[in-house]
Amino acid sequence: MFERIIRTGRQRISQKEIKASLTEKIIATDSAADALAKESLAPYNAYSGEGEVTGALVYVNQGVPEDYEVLERRGVDVKGKIVLARYGGSWRGIKAKVAAEKGALGCIIFNDPLEDGYAQGAAYPAGAYKHDTAVQRGSVVDLPMRPGDPLTPGYGATKDAKRLPREQAETIMKIPVLPISSADAEPLLKAMDSPVAPTEWRGALPLTYRLGGGQAVVRLKAEFHWNLVPTYNVIARMKGSQFPDQWVLRGNHHDAWVIGARDPISALAPLLEQARAFSELAKNGWRPKRTVLFCVWDGEEPGLLGSTEWAEHHADELRRKAVAYVNTDGNSRGILGIGGSHSMETLAGEVAQVVPDPQTGVSVSERMRSASLVRGSAEEKKEYLTRKNIHIEALGSGSDFSVFLQHLGIASYYIGFRGEGRGGEYHTCFDTFDHYAKYGDPDFSYGVALAKVCGRITLRLADADILPFNFNAQAQTFNRCGERRESRVILTI
Ligand SMILES: [Zn+2]
């Protein structure tokens, strides 16, 4: 159902030719070092375009539309050139998409130490942050257009499904895209001889950041195998005793970019613990009133493949039977974050009031409220002082809830603790157990708290006589959005 993995990259700089290393240093003291040495692949972007391109190099800051406006004002055009963008400010797929729309031939994305490297703290293993060869992998599939297998838009990628020829797949990026480390980006940035970049474009590398478009020329080559390979979802079903045709779904993905201790295992382990608790209840004679499905998805990282294809294949049945979908995807110490359908805002608040925060002992709801009072806008602070319940965020895309919420219209949650686990390990070789156990959630108590929050929510949804939806909360949210003209979209995989 998806792709490939062969990449080479070369940069030719004026008279000197430099070849990028495109490899991440493996930390020998990490207990995953042997596995990483044997099994990890070179960093790449899933669903990048393929090909070999040569062009002048232009630095585009974070590669968002406003950055191109700055370039245009300074007379720099990226048409026929290769852009170099730093991570941050937007989801990486947007950087590649905007670059292609502006006529760039290729897009290179690098991790500037300003974002999650030495400017933030010591590099792993001395600290939690990126060392100079660390690279953030990730998908550049056109997620705003559609998640799932680009070859089977809107229907399940079953064995015999009709597949589009790759050239007709709308969501595969049109230009080659390559993620590189700050160590590989440094000589590229140094080779530029063009005007100095604006202050806010400058990162933390020890050099003068320039706009590019001068003498520095890059050759970028991306090659992949496009073999069709299966993805493996695991679906466990506990049949409901009273309403077997009403389904409550609880899901998390199991695929990872490399080892994936935090993304996704730190939230998959609580899902499995929740399933084990349900099986203990069942051994004592309990049966949920509604059918509960535990779903462990494959292929989330390349483009929400497992969940989207499964839900597309079962769309008719899900439209008739699915009551709610509860998604998690990664967890760490910190404050409870809940995004989702506001018809379930009241339920989220009730559950958050009874689960204790492991660090402070107050409820996770109380801790959320305190955080909002400290960090929120003046308006949010005022509202939290008068309001008992928590707010949940609206969801964009970026995890397996997408197909359920946005395509099938099923009430959904996306839940996780975040904010206090430190690190730059996301989608790198050092998202390992050792890193997570030191910097993510050292005593795993927030993993337990996540299992408690999701377990209670699933139990309430499965066992309530009347489904615990509150459409007043939903209407109030719409009113609030209308008043404030506010919209927020979260997009990351
Ligand atoms: Zn994930």
Amide H contacts under 5 Å for L395, placed H, 5+ residues apart:
G340
Share of antiparallel DSSP beta bridges in the stretch 6-223, in percent to the nearest 5?
55
For the stretch 255-304 and the stretch 390-413, what is the separation of their C-alpha centers, rounded to whole Å?
18
Only helices counted: for the chain, with every DSSP H run of 4 or more residues adding -39500 (n - 2.57) and the sum spread over all residues, [θ] at 222 nm is -8500 deg cm²/dmol
In terms of the Cα gyration tensor, with a ≥ b ≥ c the square roots of its eigenvalues, is the stretch 234-484 rounded because a/c is under 1.5, prolate because a/b exceeds b/c, or oblate?
rounded
Kindly sort S445, S402, S31 by accessible area of their heavy atoms, largest first, with the probe set to 1.4 Å.
S31, S445, S402
What is the spin-label model distance, in nm, from E52 to R163 if the labels are put 7 Å beyond Cα along the C-beta direction?
2.6
Stretched fully, the stretch from V196 through A122 gains (0.36 nm per residue minus C-alpha distance, one decimal, in nm) 23.8 nm
Leaving out ligands, DNA and RNA but keeping every protein chain, what accessible area does D184 have, in Å² rounded to the nearest 10, with a 1.4 Å probe?
20
Considering only protein heavy atoms and a 1.4 Å probe, what is the carbon-and-sulfur percentage of the accessible area of the chain?
52
Could you work out the equivalent-ellipsoid semi-axes for the stretch 233-369, taking the square root of 5 times each eigenvalue of the Cα gyration tensor, largest first, in whole Å?
24, 21, 16
Return one whole number: the accessible area per residue of the stretch 234-484 in Å², for a 1.4 Å probe.
39
Above-threshold pairs, the threshold being 29 Å between Cα atoms, out of K190/K438; K19/K97; K38/K221
K190/K438
Might you work out the accessible area of M238 for me, using a 1.4 Å probe with all protein chains in place, and round it to the nearest 10 Å²?
40
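The values are calculated or read from the model by the stated rules, or taken from the named source; none is laboratory data. Treat the numbers as computed from the prediction; the structure is a model and nothing was measured. Note that we place each Cβ from the backbone using ideal geometry, even for glycine, and neighbour counts take in every protein chain shown. Protein only, heavy atoms only, side chains kept; ligands, DNA and RNA dropped before computing areas. Shrake-Rupley method; radii C 1.70, N 1.55, O 1.52, S 1.80 Å.
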